[in-house]
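Input: a single structure, listed below in structure tokens.
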Amino acid sequence: AQSVTQLDSQVPVFEEAPVELRCNYSSSVSVYLFWYVQYPNQGLQLLLKYLSGSTLVKGINGFEAEFNKSQTSFHLRKPSVHISDTAEYFCAVSESNAGNMLTFGGGTRLMVKP
Amino acid sequence: DAGVIQSPRHEVTEMGQEVTLRCKPISGHDYLFWYRQTMMRGLELLIYFNNNVPIDDSGMPEDRFSAKMPNASFSTLKIQPSEPRDSAVYFCASSLGGTSNQPQHFGDGTRLSIL
């Protein structure tokens, strides 16, 4: 069975600084990878996804993520964050033989300070 | 386009009462998921349906929890009797089937407080 680990539960960063949110997964089969963002009192919104092809994936709001198969990682990055990026970020994995089920990481709270 | 619609957005009730949460998935989506989110346990999958049929309910915590999907556009999650430890935010999500690379689309959740 797959598992997803987000090592950092909280990441404080100053506005306009770069940020990286880490995600590692384990699985014995090929996977699809997703990042979701959750703003306060809202549901999860899809930020970006990796299905196949180029390992660098661009998403909404200037975020991007890189799939590294050898390190089983899918880290999320943004070169310059805004106050409005303050939210909870979830990494999720779907195994190729698991229907549409997602396994979520524990989430990382990004706190952007002025 | 209308997204996943959940009702009510907030529910406060007393212990022992029956609680019913409702979900309308995105039209055309054939997978529906119910999740529970708490600070302690994070996001947990409770049950999911494919073409209105429950596929995996191993995440349902107890017999007090039940879920139904009588048609493609409506699902309910019921708790009877409710307990204070059921307090959480409950999310419904839907996705298009076919392959496992389809993203799930989430509703805004129901914040449930059991007193």
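Please treat every number below as a calculation from the coordinates, not as lab data. Just so you know, these numbers come straight off a predicted model, no measurement behind them.
Determine the distance separating the Cα centre of the range B:24-39 from the Cα centre of the range A:1-34; give it in Å without decimals.
For the range B:24-39 versus the range A:1-34, the Cα centre distance is 23 Å.
How high is the relative contact order of chain A, in percent, with contacts defined as C-alpha pairs under 8 Å that are six or more residues apart?
Relative contact order for chain A comes out at 38 percent.
Under the classification rounded if a/c is under 1.5, otherwise prolate if a/b is larger than b/c and oblate if not, where does chain B fall, given a ≥ b ≥ c as square roots of the Cα gyration tensor eigenvalues?
prolate
Given a cut-off of under 8 Å on Cα pairs at least six residues apart, what relative contact order in percent is computed for the range B:29-115?
29
How large is the direction-averaged shadow of the alpha-carbon convex hull of the protein assembly as shown, in nm²? It would help to have the intermediate numbers written out before the result.
On the way: hull surface 50.6 nm².
With the hull built on Cα positions only, its mean projection is 12.7 nm².
In the structure displayed, which of A:Lys69/B:Lys78; A:Lys69/B:Lys68; A:Lys49/A:Lys113; A:Lys58/B:Lys24; A:Lys58/A:Lys113 lie more than 32 Å apart, Cα to Cα?
From A:Lys69/B:Lys78; A:Lys69/B:Lys68; A:Lys49/A:Lys113; A:Lys58/B:Lys24; A:Lys58/A:Lys113, over 32 Å: A:Lys69/B:Lys78; A:Lys69/B:Lys68.
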